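Presented below is the structure to which this report refers.
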Amino acid sequence: MPDTAVHVGSGKVRELYALDDRLLLVASDRISTFDVVLPTEIPDKGRVLTGLSAFWFDRTRELCPNHLLAVRADGRSLECRRLEMLPIECVVRGYLAGSAWKDYQRTGAVCGHALPPGLVESAPLPQPIFTPATKAVEGHDENITRERAAELVGRELLDEAEQRSLALYRSATEHAAARGIVIADTKLEFGLDEDGRLVLADEAFTPDSSRFWPAAEYRAGGSPPSFDKQFVRDYCERLGWDKSPPGPELPDDVVAGTRARYVEAFERLTGIDFDAYVADPRVVLA
Ligand code: Q0N
């Protein structure tokens, strides 16, 4: 019999349950845009994100141990080891986008990384940079300096988290680039296990935790379309919605187009037929 799962937390689109000494991470089909969760769901989005996370956890185990124990038959739930989470988000950026572009325009630097002058929006960085952030309870995460991050987690752990994050990002971006997807940046979360070892947690290299761009449409200067959310963003812009809650309902064609983009990301990155994943989610584990 399945153990009783006690609800212990909610994110915008995911739920967290305690299962004895393990955790269950459940991805819903909710979608957020401009930081607002919309009233319309995208069918199978939670399965796509769960399958992608499990795929990456499985393929990057030799680069960093992770919290994945099992993928449930529903395809949207991961059983995980319970960790003591670090109070920082480990962001790696290979391109100048989002808050990094804003910080660069103001200061010429991002989280203490001095960058060459004259970079345009979405430009590739000379090399990927580690830009830790604090977890804001509500609203936006705040970029912090390495010094502040070291105060929060300790120098030694921070250095290890940085090295692991950069290695994971390089590996995932190399794989994705060969399949036509640019992972412009990503947010990773780590925890410590009972032996004090650093373990990758949360979700990994999904379109919700990363900025995915279609490589075919990428160019520096301006902001490339989001691989997954572009139809939703375009629709919201056409509506003239002011981006304050509640968000708009999405029409069927926007839902269908967006679902197709999520499935396409899954199939391109994993090389696995999405229907095969739905039939048996363990297909993402090698
Ligand atoms: C944990 N969060 C933040 C789901 C994701 N393996 C773990 N052990 C202990 N705690 C956590 C994990 C993980 N992963 C991570 N909260 C607790 C992300 N949550 C937000 C809510 O939705």
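Considering the options Thr134, Leu16, Ala172, tell which one lies farthest towards the positive end of the dipole of the chain, charges being +1 on Lys and Arg and -1 on Asp and Glu at the Cβ, about the Cα centre. Comparing the listed Cα positions along the dipole, Ala172 ranks first.
Spatial offset of region 137-208 relative to region 91-119 amounts to 17 Å, using the alpha carbon center of each.
Using a cut-off of under 17 Å, list every residue of region 180-210 whose amide N is near the label point 7 Å from the Cα of Met85 along the Cα-to-beta-carbon line. Only 187-194, 198-206, 208-210 pass the distance filter. Sum -39500 (n - 2.57) across every DSSP H segment of at least 4 residues in the chain, then divide by the residue count to get the 222 nm mean residue ellipticity, nearest 500. That comes out to -10000 deg cm²/dmol.
Cβ-Cβ distance of Arg179 and Ser32, R₀ of 22 Å, FRET efficiency by 1/(1 + (r/R0)^6): the value works out to about 0.30.
Summing Lys and Arg as +1 and Asp and Glu as -1 over all other residues whose Cβ lies under 15 Å from the Cβ of Ala178 gives a net charge of +2.
Compared with the direct C-alpha span, the chain from Trp241 to Thr145 gains 31.1 nm at full extension, assuming 0.36 nm per residue.
Histogrammed with a bin width of 5 Å, the alpha carbon distances of region 17-165 distribute as 2, 8, 14, 15, 17, 19, 14, 8, 3, 1, 0 percent, first bin at zero. With contacts taken as Cα pairs under 8 Å at a separation of at least 6 residues, region 1-142 carries a relative contact order of 17 percent. Can you tell me the FRET efficiency between Asp253 and Lys12 if r is taken as the Cβ-Cβ distance and R0 is 22 Å, rounded to the nearest 0.05? The value I calculate is 0.35. Just so you know, the averaged projected area of the alpha carbon convex hull for region 93-234 sits at 9.5 nm². With semi-axes defined as the square roots of five times the eigenvalues of the C-alpha gyration tensor, the equivalent ellipsoid of the chain measures 27, 25, 19 Å, largest first.
By the count of neighbouring beta-carbon atoms within 10 Å, fewest first, Ser223, Ser99 end up ordered Ser223, Ser99.
Counting charges near Ala133 (Lys, Arg +1; Asp, Glu -1) among other residues having Cβ under 9 Å from its Cβ returns a value of -1.
For region 109-126, putting each phi into the Karplus relation 6.51 cos²θ - 1.76 cosθ + 1.60 with θ = phi - 60° gives couplings of 9, 9, 6, x, 8, 5, 10, x, x, x, 6, 9, 4, 6, 5, x, 7, x Hz, in residue order, rounded to whole numbers and with x for Gly and Pro. Of interest is the spacing of the C-alpha centroids, which for region 268-286 and region 16-72 amounts to 14 Å. Using the average count of surrounding beta-carbon atoms within 10 Å as a protection proxy, the listed peptides 254-261, 81-88, 203-210 rank, highest first, as 203-210, 254-261, 81-88.
Values quoted throughout were computed directly from the atomic coordinates according to the rules given, and no laboratory measurement underlies them. Bear in mind that the values here come from a model prediction, so they are computed numbers and not experimental data. Positions of Cβ are backbone-derived with ideal geometry, glycine not excepted, and every protein chain shown enters the neighbour counts.
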